[in-house]
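*Asks:* There's a structure below that I have some questions on.
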Amino acid sequence: MKNNKSKIYATALLSDGEILFWRTGQHERSEYDFYKDFMYAELNEREYFDNHKMTTEVIAFEFEDKEEDSINNFVFNVLAKEFFKLYPISKDSKGTPAYGE
């Protein structure tokens, strides 16, 4: 029997318990998937990891395949933002905030 479920993941890379970078998408991310974010933010990744406690928090939202078109926006605009609100935003975070003010 075919599994007709899909997942969208929300991933937060935390620096000392605060969101440094974040992503949503069809793949679960690890701390190593954020190397480009460090480059764009002009942060030395190796030095940053040496000086901060870095962790990754991930949540998966599962849904029926037939719902994919409508669920992507709902996950991004509602569910993921609620997940990200569990953590403050790091002062070193650059780019689009994980959630509104």
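*Asks:* Pull up the stretch 36-92, narrow it to residues that are out of contact with any Asp or Glu (no Cβ under 6 Å at 6 or more places or on another chain) and of a type in the set (S, T, N, Q), then point me to the one that is farthest from residue 24 (Cα to Cα).
*Replies:* Per the criteria, the residue is 51.
*Asks:* Something else now. Scan the stretch 36-59 and give yes if some residue there is touching a strand residue (DSSP E or B) at 6+ places or on another chain (Cβ under 8 Å) and touching a residue at least 60 places away in the same chain (Cβ under 8 Å), otherwise no.
*Replies:* no
*Asks:* Now, a different point. Among helices (runs of 4 or more DSSP H) lying entirely in the stretch 25-101, which contain 2 or more residues that are more than 14 Å from the chain's Cα centre (by Cα)? Outline the logic, then answer.
*Replies:* Values: elements: 35-40, 45-51, 68-74, 80-84.
Qualifying helices (runs of 4 or more DSSP H): 35-40, 45-51, 68-74.
*Asks:* Which of (1) surrounded by 10 or more Cβ atoms within 10 Å (Cβ to Cβ); (2) part of a helix (DSSP H, G or I) is the odd one out, the single condition residue 8 does not satisfy?
*Replies:* All conditions pass for residue 8, except number (2).
Coordinate-derived values only; no laboratory data. All values reported here derive from a predicted model rather than from experimental measurement. Please note: Cβ atoms are built from the backbone with ideal geometry, for glycine as well, and neighbour counts cover all protein chains shown.
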